[in-house]
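The values are calculated or read from the model by the stated rules, or taken from the named source; none is laboratory data. Note that the structure is predicted; figures quoted are calculated from it, not measured. Here the Cβ positions follow ideal geometry from the backbone for every residue, glycine too, while neighbour counts run over all protein chains shown. We work out accessible area using only protein heavy atoms, side chains counted, and drop any ligands, DNA or RNA first. Shrake-Rupley method; radii C 1.70, N 1.55, O 1.52, S 1.80 Å.
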Amino acid sequence: MSSEPGVTAPWWTSAVVYQVYPRSFQDSNGDGVGDLRGILRRVGYLAELGVDVVWLSPVYRSPQDDNGYDVSDYQDIDPLFGTLEDLDLLMAALHERGIKVIMDLVVNHTSSEHPWFTESRSSKLSPKRDWYWWRPARDGMEPGTPGAEPTNWGSLFSGPAWEYDEATGEYYLHLFGRGQPDLNWENPAVRQAIYAMMRWWLDRGVDGFRMDVINLISKDVRADGSLADGPVISGLYGDLAQGTINGPRVHEFLREMNREVFAGSRDAVLLVGETPGATVEDGLLFSDRRRGELDMVFTFEYVSLDRGLDKFDRKPLDLRELKATLGRWQAGLAKAGWNALYWENHDQPRIVSRFGDDGAYRVESATMLATVLHLHRGTPYVYQGEELGMTNAHFTAFDSYRDIESQRHVAQARELGQLSDDQILASLAAFSRDNARTPMQWDDSPDAGFTTGTPWITVNPNYTSINADAQLGDPGSVFHYYRRLIALRHTDPVVRFGEFTMLLPEHPHIYAFTRSLGETRLLVLGNFSGDEQKAGIGRRLDGETEVVIHNYPDPPLVAAGNVTLRPWEALVLRQLD
Ligand code: TEU
């Protein structure tokens, strides 16, 4: 990636992407579920925030086992969300405001109700049989009995990754829910069908794709067609990582996809891959433009630092590890490749409840976290409600949860019998994906203005004080702070291109770095604690400085190379030489 602001820089290097999770954004017909016409009603809000791209989580036809990440028709809209015509209207309205639209592309797996799969499961002789991963029981074992699965892999949603299908006496692979069978990308006909579908969406006017678990599409299959067991790290099952993550043909498949789908339109589109388990080396391979694969990927490394043995096991965040991890990605993708920057999405807890303080310092910590993330080099992603400092759900009962991953986790934890109900509830409160899926808080009318019906999941009761309506009228709100950060990325070449240098890597509470371009240098400081913190920042503040953005109303406390940061204070200074 060129570090000089110039004609060659792709458009998305100055863009901010906003993720809409349609189910929870805005309902327009009173059925309690958000929909496309609801989003249409809020286009003005998105324009006011100033975002450049909207990423729509899946709205395709789906049985909704995994809220749309189980697609049964890639080329139609689920009636829950509206129609293709509604989507056309929404795209036109967004395009009119200069906002691009990227669709979620879920092609590691389909729904088990997709016609490809119903055909595939109908007979061993079906022409679509090898569109999915069908395998017989383990040698010498009775099909359908415990332990007879073809490999020992545990599904990412708990339980075994194989489902026995009595009709033909074989198992099919599902890395996620049993309603989400994995497609067999080894089969060229599968790939061609996916490429044709993608071309159809491009023709319809979409501006790119967010590719769901795209680094899981190539399985490490042996010459005899078998897959290998994984080590048992925790729980009952083997780890599937070795056989499924960043598999041997993933880069080849992505390059083929580029040739087959985007020839001629590649520079206009944005391709961002979701890549659990990708290292910075993998990130570089995926995002180095010369390789013709993706533009950027979502790493999971820094959102795993406060998780222990499994993803529901919470441990405290060590800020030094966060800096080391993000710093490694900044350094690793400095010369080539590009970073996707995010705190939240529909799978992660709310950042203000996770790394901040969603009580007394909610506004300060939400804006501090935003400052630190948005001042990194890369393309920032804002998840709906993050710009309001929305908090975790703080549910206290099992029946409040809707998410398949959470429900399966509860079932498995109870089966293992090592945790009490209170402990299981505490792990859900920390990490359930439903934390991010409570409805968008628009105003203080019943159910936050999200629906006139009964919401599919409980609205967070704090909507009476945390809502868009109140924040739009308050220049000191989290919303307006995000608006300013987004504008800064559009206008300031240092924010867009500046070289990143981490400072104070060993400080346990202060996140500090510089961004430099030519003669200009920005100093970014964030206090990740509720206590006052002092630090020496050397001669970096000699000479004249200008406050670029600051989340406290009174002037910053900096003097003679020393800074004092108040609780959750964030500060960006420009050095004027
Ligand atoms: O997520 C992939 C993924 O790795 C997550 O399931 C993650 O492990 C988990 O949510 C952390 O708690 C993608 C989608 O973003 C997710 O919503 C889907 O459920 C999943 O793929 C299957 O399509």
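Filter segment 161-181 for residues that are surrounded by 22 or more Cβ atoms within 10 Å (Cβ to Cβ) and part of a strand (DSSP E or B); which is farthest from the ligand (Cβ to nearest atom)? So, considering only residues that are surrounded by 22 or more Cβ atoms within 10 Å (Cβ to Cβ) and part of a strand (DSSP E or B), the one farthest from the ligand (Cβ to nearest atom) is Y171.
Here is a check on your reading of the model: is T564 β-branched (V, I, T), modelled with pLDDT of 95 or more, touching a strand residue (DSSP E or B) at 6+ places or on another chain (Cβ under 7 Å) and over 27 Å from H480 (Cβ atoms)? Lay out the reasoning, then the answer.
On the way: β-branched (V, I, T): yes; modelled with pLDDT of 95 or more: yes; touching a strand residue (DSSP E or B) at 6+ places or on another chain (Cβ under 7 Å): yes; over 27 Å from H480 (Cβ atoms): no.
The answer is no for T564.
Of the residues making up segment 532-540, not a single one is open to solvent by less than 60 Å² (accessible area, probe 1.4 Å), among the hydrophobic types (A, V, I, L, M, F, W, C), touching a residue at least 60 places away in the same chain (Cβ under 8 Å) and not assigned by TED's automatic domain parsing to the domain that holds A331.
Which of the residues spanning segment 481-514 are buried (at least 20 other Cβ atoms within 10 Å of the Cβ) and over 28 Å from L46 (Cα atoms)? Of everything in segment 481-514, those that are buried (at least 20 other Cβ atoms within 10 Å of the Cβ) and over 28 Å from L46 (Cα atoms) turn out to be F500, I510, Y511, A512, F513, T514. Does segment 278-287 contain at least one residue that is open to solvent by less than 30 Å² (accessible area, probe 1.4 Å), more than 16 Å from the ligand (Cβ to nearest atom), on the phi < 0 side of the Ramachandran plot and more than 20 Å from the chain's Cα centre (by Cα)? No, segment 278-287 contains no residue that is open to solvent by less than 30 Å² (accessible area, probe 1.4 Å), more than 16 Å from the ligand (Cβ to nearest atom), on the phi < 0 side of the Ramachandran plot and more than 20 Å from the chain's Cα centre (by Cα). For A429, the conditions (1) assigned to a loop (DSSP other than H, G, I, E, B); (2) open to solvent by 10 Å² or more (accessible area, probe 1.4 Å) are fulfilled apart from (1).
Looking across segment 131-142, the residues that are at negative phi and either open to solvent by 50 Å² or more (accessible area, probe 1.4 Å) or assigned to a strand (DSSP E or B) (or both) come down to Y132, W134, R135, P136, R138, D139, M141, E142. Quick one: count up the residues across segment 57-109 that are of a type in the set (S, T, N, Q), free of Cβ contacts under 8 Å to residues at least 60 places away in the same chain and within 14 Å of the ligand (Cβ to nearest atom). Count: 3.
If only residues of segment 288-310 that are within 16 Å of the ligand (Cβ to nearest atom) and of a type in the set (G, A, S) are counted, the one that is farthest from L419 (Cα to Cα) is S304. For segment 311-339, the tally of residues that are away from the ligand (no atom under 16 Å from the Cβ) and basic (K, R) stands at 4. Candidates in segment 327-370 are the residues that are of a type in the set (V, I, T) and buried (at least 24 other Cβ atoms within 10 Å of the Cβ); of these, the one that is farthest from the chain's Cα centre (by Cα) is T367. Scanning segment 399-412 for residues that are open to solvent by less than 40 Å² (accessible area, probe 1.4 Å) and within 14 Å of the ligand (Cβ to nearest atom) turns up Y401, D403, I404, E405, S406, H409, V410. Going through segment 340-383 one residue at a time, which ones are small (G, A, S) and either part of a loop (DSSP other than H, G, I, E, B) or more than 16 Å from the ligand (Cβ to nearest atom) (or both)? Within segment 340-383, G356, G359, A360, S365, A366, A370, G378 meet the criteria. If you check S112, S126 for being of a type outside the set (D, E), within 16 Å of the ligand (Cβ to nearest atom) and over 30 Å from G44 (Cα atoms), only one passes: S112. If I filter segment 33-54 for residues that are away from the ligand (no atom under 16 Å from the Cβ) and at positive phi, do I get at least one hit? Yes, the conditions are met somewhere in segment 33-54.
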